[in-house]
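The structure appears right after this line, and notes come after that.
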Amino acid sequence: MRRSLALGLVFLEGCSRSHDAAPTPSTPAVAQAPDSAAPVVANASAPDAAAFAEAAPTCDPSPGVFLFTSPMTPVAGAPLRVMAVSDKPLVGKLAVDAATSEVRRGGPPYFWIVETTAAATTNATFTQRACADTAAATSPVSVGKANASLSTGTGVWLARGT
């Protein structure tokens, strides 16, 4: 009888503790968001911003930048997309006439995209900021008539004639 009385007191003692006690430093406080059913963790440590910081840009003497256009043979006045691609995380700018982009995407491979309207004479240039904006890759874009170099056969896709 004494044993069951002692167990009952231990049980009641555990149940009578306040559940609103402040959390210990090892456990984060959990609160209910006002408009959400998901709990919000109050003491969660944020990731260290220094872990995501990029190194200062450096001038790479051989950046390995390649330029691609779409369509392959653009028509003057029609949309033109130019993509610069590199396997290195360069800091630079892709310029196609007056349109530019300094937004690096992906990685690796990293790429920059510019969408513009093709002019009669169009040039695409990728420059590295750390190299005093000297061109790392330059390509004249051949603007012409509709792509007559593609054969028109009975297939589903157009194919380049040999």
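No value in this document is a laboratory result; all are computed from the given coordinates. Everything quoted here is computed from the prediction, not taken from an experiment. Here Cβ is always computed from backbone atoms with ideal geometry, including for glycine, and neighbour counts include all displayed protein chains.
Evaluated at 37 °C with a viscosity of 0.692 mPa s, what Stokes-Einstein diffusion coefficient in µm²/s does the stretch 66-142 have when Rh comes from the Kirkwood expression over alpha-carbon pairs?
Numbers: Rh = 12.4 Å.
The estimated diffusion coefficient comes to 266 µm²/s.
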- Message: Starting from the 7 Å offset along Cα-to-Cβ, what nm value, one decimal, do you get for the label separation of residue 119 and residue 72?
- Response: 2.6
